[in-house]
Amino acid sequence: IWLVQSGQASDVPGQLRSILHSNRAFAYVKLNKWQEAETDCSDALALNNGNTKARYRRSMAYVELGRHSEALQDIDRVLKEMPDTATNKEAVDLRERILKLQTPKTETTVHKALELKEGGSRGLPAQGWKRMEIVEASDDESEDGRATKESEKDPFPDIKVEANMSGIEEAKNQANSLFAKGSLDEALKLFSKAIWLVQSGRAANIPAELCSILHSNRALAYVKLKRWSEAEADSSAALLKNGKNFKAKYRRALARFELDRVNEALQDIDEVLRQLPDPANNKEATELRNRIFESQKQTKVVAADVVVDADVANTQAEKTVADEHAQNSPAGGWKRMEILEASDDESDSEQKAAAPLVAQQVLEQQEEEPFLEIQLEASKSGIEAAKNKANSLFAEGKLEECVKW
């Protein structure tokens with residue numbers, strides 16, 4: 001995955017890249033690393049929205065993270081893609097489990113309690129995924145023909161973008177102009193077309209910093225449309241490309257706040273404030289942090305006396321925070337971020353003043369190889385060989401080594 005994301009392996013198709021993320025997600029599932037599993041599944045689906053296994057695993061990760069509504073949405077999509085009762089039993093079982101978790105008495109309390117427990121409800125058996133485990137130990141969708149070719153299809157054939165660096169830059173600038181004019185749907189399409197060209201491998205050697213900007217800008221469009229889940233996912237994708245993208249982190253904090261994930265929102269906004277210590281530059285971030293803090297303080301719920309049903313967690317809920325802010329409350333505290341992001345070219349002088357040396361630091365991070373002891377050929381065949389090696393390690397139960405590969 002690092003070889004692909006760093007641009008050193010540039011001829012890797014989107015479908016194979018989706019499999020890499022989906023397989024690593026499955027290793028994280030086995031290790032009970034639910035947040036990492038969810039992130040990898042989302043990346044896999046961004047590359048191939050027809051990756052049913054990745055959607056199934058994300059549903060399971062959502063369950064363990066207490067995000068039951070999103071888990072149900074994913075598993076319902078899986079069942080639509082797998083209507084055959086001979087092959088979807090585990091998905092049906094998982095859906096029934098989610099519905100039990102969504103009982104009115106326990107939904108809010110358990111959702112928040114599980115968010116406070118790192119790794120989710122570790123005591124729960126991971127029911128409803130045995131067949132997915134068996135199939136995924138080797139998981140080569142290209143061999144068994146189960147994967148769709150969705151990632152290979154142009155989602156916006158009517159939008160013409162040149163598949164190179166200058167074309168992606170031009171698409172970004174045009175999308176920014178559409179955003180500034182209020183044409184949000186058109187801006188989304190153009191951002192999405194540029195992102196698809198990169199993720200499908202058609203536009204190669206695009207710097208990670210530019211990819212991060214594309215995702216961060218699309219996230220802002222989603223914020224304006226109050227599509228919080230998409231905004232959160234795009235912000236996370238932007239941060240995968242550039243961990244120093246403070247605008248993306250700010251937007252993810254805002255999206256997570258609106259999604260009632262207040263603990264994660266607070267963590268993000270605190271990191272933003274560490275990156276922007278100057279009061280002249282962090283007013284909106286400070287205001288958002290105050291909103292998050294006030295929401296926590298005003299809506300704190302003590303759940304010590306709530307005994308969660310055995311089907312849910314088999315444990316007594318501890319103290320939790322239930323953020324009950326109104327869904328339609330104004331998204332205050334981000335006007336400056338909105339203005340800056342309308343054009344959002346982090347390479348210009350204004351951005352360099354706000355975040356000095358960020359680009360240089362990011363490039364240095366991207367060039368530093370994370371696993372020097374693992375030698376891979378930076379090509380499609382090399383990536384295929386690495387995937388097969390990782391699958392073998394997975395089958396042997398060597399999960400940490402599998403994740404490294």
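Conditions tested, residue by residue: (1) modelled with pLDDT of 90 or more; (2) open to solvent by 10 Å² or more (accessible area, probe 1.4 Å); (3) touching a helix residue (DSSP H, G or I) at 6+ places or on another chain (Cβ under 8 Å).
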| site | (1), (2), (3) |
| --- | --- |
| L3 | no, yes, yes |
| D11 | no, yes, yes |
| G14 | no, no, yes |
| S18 | no, no, yes |
| L31 | yes, yes, yes |
| T39 | no, yes, yes |
| N48 | no, no, yes |
| R58 | yes, yes, yes |
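Assigned to a helix (DSSP H, G or I) and either polar (S, T, N, Q) or within 10 Å of the chain's Cα centre (by Cα) (or both): which single residue out of A46, A61 fits that description?
A46
So which residues in segment 64-99 are part of a loop (DSSP other than H, G, I, E, B) and surrounded by 23 or more Cβ atoms within 10 Å (Cβ to Cβ)?
L65, G66, R67
Quick check on this structure: which one of L266, L288 is over 30 Å from F156 (Cβ atoms), open to solvent by 20 Å² or more (accessible area, probe 1.4 Å), out of contact with any strand residue (DSSP E or B) (no Cβ under 6 Å at 6 or more places or on another chain) and modelled with pLDDT of 90 or more?
L266
Go through segment 238-263 and give me each residue that's open to solvent by 10 Å² or more (accessible area, probe 1.4 Å), assigned to a helix (DSSP H, G or I) and under 20 Å from R218 (Cβ atoms).
Passing the criteria: L239, L240, K241, K249, R252, R256.
Considering only helices (runs of 4 or more DSSP H) fully contained in segment 158-237, which possess at least 3 residues that are small (G, A, S), touching a helix residue (DSSP H, G or I) at 6+ places or on another chain (Cβ under 7 Å) and within 29 Å of K380 (Cα to Cα)?
By residue number, 208-224.
I134 versus (1) of a type in the set (A, V, I, L, M); (2) at pLDDT 90 or above; (3) open to solvent by 60 Å² or more (accessible area, probe 1.4 Å): which is the lone unmet condition?
Exception for I134: condition (2).
Among all residue pairs at least 6 apart or on different chains, which show Cβ distances below 7 Å where the first residue, located in segment 175-189, is among the polar types (S, T, N, Q) and the second is open to solvent by less than 50 Å² (accessible area, probe 1.4 Å)?
Every condition considered, the pairs that remain are N176/N217; N176/A342; N176/D344.
The values are calculated or read from the model by the stated rules, or taken from the named source; none is laboratory data. A quick note: this is a predicted structure, and the numbers were derived from the prediction, not measured. Backbone-built Cβ (ideal geometry, glycine too); neighbour counts: all protein chains shown. With ligands, DNA and RNA removed, areas are computed over all heavy atoms of the protein, side chains included. Shrake-Rupley method; radii C 1.70, N 1.55, O 1.52, S 1.80 Å.
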